[in-house]
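The values are calculated or read from the model by the stated rules, or taken from the named source; none is laboratory data. Everything numeric in this text was worked out from a predicted model, so none of it was measured. Positions of Cβ are generated from backbone atoms using ideal geometry, with glycine treated the same way; all protein chains shown enter the neighbour counts. Ligands, DNA and RNA are stripped out before the accessible areas are found, and what is left, the full protein with its side chains, is counted by its heavy atoms. Shrake-Rupley method; radii C 1.70, N 1.55, O 1.52, S 1.80 Å.
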Amino acid sequence: MQTMDFGRLRALRELALRKTMAAVAEALFISPSAVSQQITQLEAEAGLALVERRGRGVNLTPAGLRLVEHTNRIMAALEEAKTDLAAMKQVVAGELRVAAFPSVAAVLVPPTIAALADLHPELRVSFHEMEPTDGLAALRAWQTDIALIDDLTVPPSQLEANVETMQITTDTLFAMLPAAHPLAAKKSVHLSDLRHDSWALDTASNAYGEMIVRECRARGFEPNIRGYCNGFEVVLAFVESGRTVSVLPGLRVHRVKHYRGRVAMRRVSPALPRKILLAFRRGELRNPAIAAFVRELQGIAKRLET
């Protein structure tokens, strides 16, 4: 059997996670034909069929699944070696890759990166906006070092054994109302109080929109959604128009203070909390760069809570 190329092994591992050549190509920033070629070459090196094509999707053969298991162990060993060397140097330097979803990213990530730039000028932090499930997939695929997720979108049952999490803060939901809305005079709002209103929802994350609809149904009504928005700014514009309500994460409230007077934010009662978690590969908190990011993030989250 020929020596196996590590890049091709990585492509096979991505295929096991993402199921289609197109998704692997997007993750690895290459063309689908290049992915297909890498898999074909890897099969020639292995002397065995590694994938079975099923329509647009791909299933791995038993040999392919076994090879992915070995690839996981190889990548974990390489990552552990990198972490050990970084821990021995005790220097916060190099590149740190961070993934976070919009409401958390807008409030917590920029000040954390700014603080790290002052404290550790040799550390380069790169950020990618990703929904929690995508960030977790990127973490599993060694495409990011840290992923900020939440327990509503990613329940504990979906976490793999080699992923550790740490709670950063607890977020609660707020109703966002036109300033002249009758409920704007209240300190808190029940979801069922909004059963007769027209809604706009940020549907950039399917999981978030589904969670809001699920909570409404649990209270005996179907929300009358008139605006399906791919971003918070459009939701805000709908509410400002005076004819629409919405529900937003509490972390967003920190970003819309200057809109008060045109919209009102009122806490949802009873509270709908979600835990904001920081996820990283098991054992990598020993890495000085990851440890430094965690310390700064925790400090900023604590200041926001107060």
**Prompt:** Just one of the numbered conditions (1) in contact with a strand residue (DSSP E or B) (Cβ under 8 Å, 6 or more places away or on another chain); (2) among the charged types (D, E, K, R); (3) open to solvent by less than 70 Å² (accessible area, probe 1.4 Å) is not true of residue 45; which one?
**Reply:** (1)
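Hey, among 97, 66, 124, which residue is at pLDDT 85 or above and within 30 Å of residue 49 (Cβ to Cβ)? First the steps, then the outcome.
Details: 97 fails: within 30 Å of residue 49 (Cβ to Cβ); 124 fails: within 30 Å of residue 49 (Cβ to Cβ).
None of the others qualify; the one that does is 66.
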**Asked** Inside region 227-245, can you point out the residues that are surrounded by 18 or more Cβ atoms within 10 Å (Cβ to Cβ) and more than 24 Å from the chain's Cα centre (by Cα)?
**Response** 238, 239, 244, 245
**Asked** Taking the condition surrounded by fewer than 18 Cβ atoms within 10 Å (Cβ to Cβ) and at pLDDT 85 or above, does residue 37 pass?
**Response** yes
**Request:** Please verify whether region 109-126 includes one or more residues that are free of Cβ contacts under 8 Å to residues at least 40 places away in the same chain, of a type in the set (Val, Ile, Thr), open to solvent by 10 Å² or more (accessible area, probe 1.4 Å) and at negative phi.
**Result:** yes
**Prompt:** Does region 257-273 contain any residue that is surrounded by 14 or more Cβ atoms within 10 Å (Cβ to Cβ), without any contact (Cβ under 8 Å) to a residue 60 or more places away in the chain and more than 27 Å from residue 141 (Cα to Cα)?
**Reply:** yes
**Fill in**
Reported set for region 1-16 where residues are surrounded by 14 or more Cβ atoms within 10 Å (Cβ to Cβ), touching a residue at least 40 places away in the same chain (Cβ under 8 Å) and not in a loop (DSSP other than H, G, I, E, B) is 9, 10, 12, 13, 14, 15, 16
**Item:** Contacts under 8 angstrom Cβ, first residue in region 284-304 being touching a residue at least 24 places away in the same chain (Cβ under 8 Å) and part of a helix (DSSP H, G or I), partner polar (S, T, N, Q) and surrounded by fewer than 19 Cβ atoms within 10 Å (Cβ to Cβ), 6 or more apart
**Value:** 288/90
**Item:** Of all residues in region 169-213 being modelled with pLDDT under 90 and among the charged types (D, E, K, R), the one that is nearest to residue 130 (Cα to Cα)
**Value:** 202
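Would you mind finding the one in 68, 35, 92 that is in contact with a helix residue (DSSP H, G or I) (Cβ under 6 Å, 6 or more places away or on another chain), in a loop (DSSP other than H, G, I, E, B) and hydrophobic (A, V, I, L, M, F, W, C)?
Working: 68 fails: in a loop (DSSP other than H, G, I, E, B); 35 fails: in a loop (DSSP other than H, G, I, E, B).
The unique qualifying residue is 92.
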**Prompt:** Out of all the residues in region 17-31, which are open to solvent by 70 Å² or more (accessible area, probe 1.4 Å) and either of a type in the set (A, V, I, L, M) or free of Cβ contacts under 8 Å to residues at least 12 places away in the same chain (or both)?
**Reply:** 26, 29
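Mind listing whichever residues of region 22-32 are more than 22 Å from residue 144 (Cβ to Cβ) and part of a helix (DSSP H, G or I)? Give the derivation first.
Just the residues of region 22-32 that are more than 22 Å from residue 144 (Cβ to Cβ), to begin with: 31-32.
32 - this is the single residue of region 22-32 that is more than 22 Å from residue 144 (Cβ to Cβ) and part of a helix (DSSP H, G or I).
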**Request:** Give region 48-65 a look and list any residue that's open to solvent by 80 Å² or more (accessible area, probe 1.4 Å), assigned to a helix (DSSP H, G or I) and farther than 18 Å from residue 24 by Cβ, or say none.
**Result:** 62
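Which ranges mark the strands (runs of 3 or more DSSP E) fully within region 128-226 that have 3 or more residues being within 14 Å of residue 274 (Cα to Cα), in contact (Cβ under 8 Å) with a residue 40 or more places away in the chain and open to solvent by less than 50 Å² (accessible area, probe 1.4 Å)? Lay out the reasoning, then the answer.
Details: elements: 146-150, 163-178, 198-202.
The qualifying strands (runs of 3 or more DSSP E) are 146-150, 163-178.
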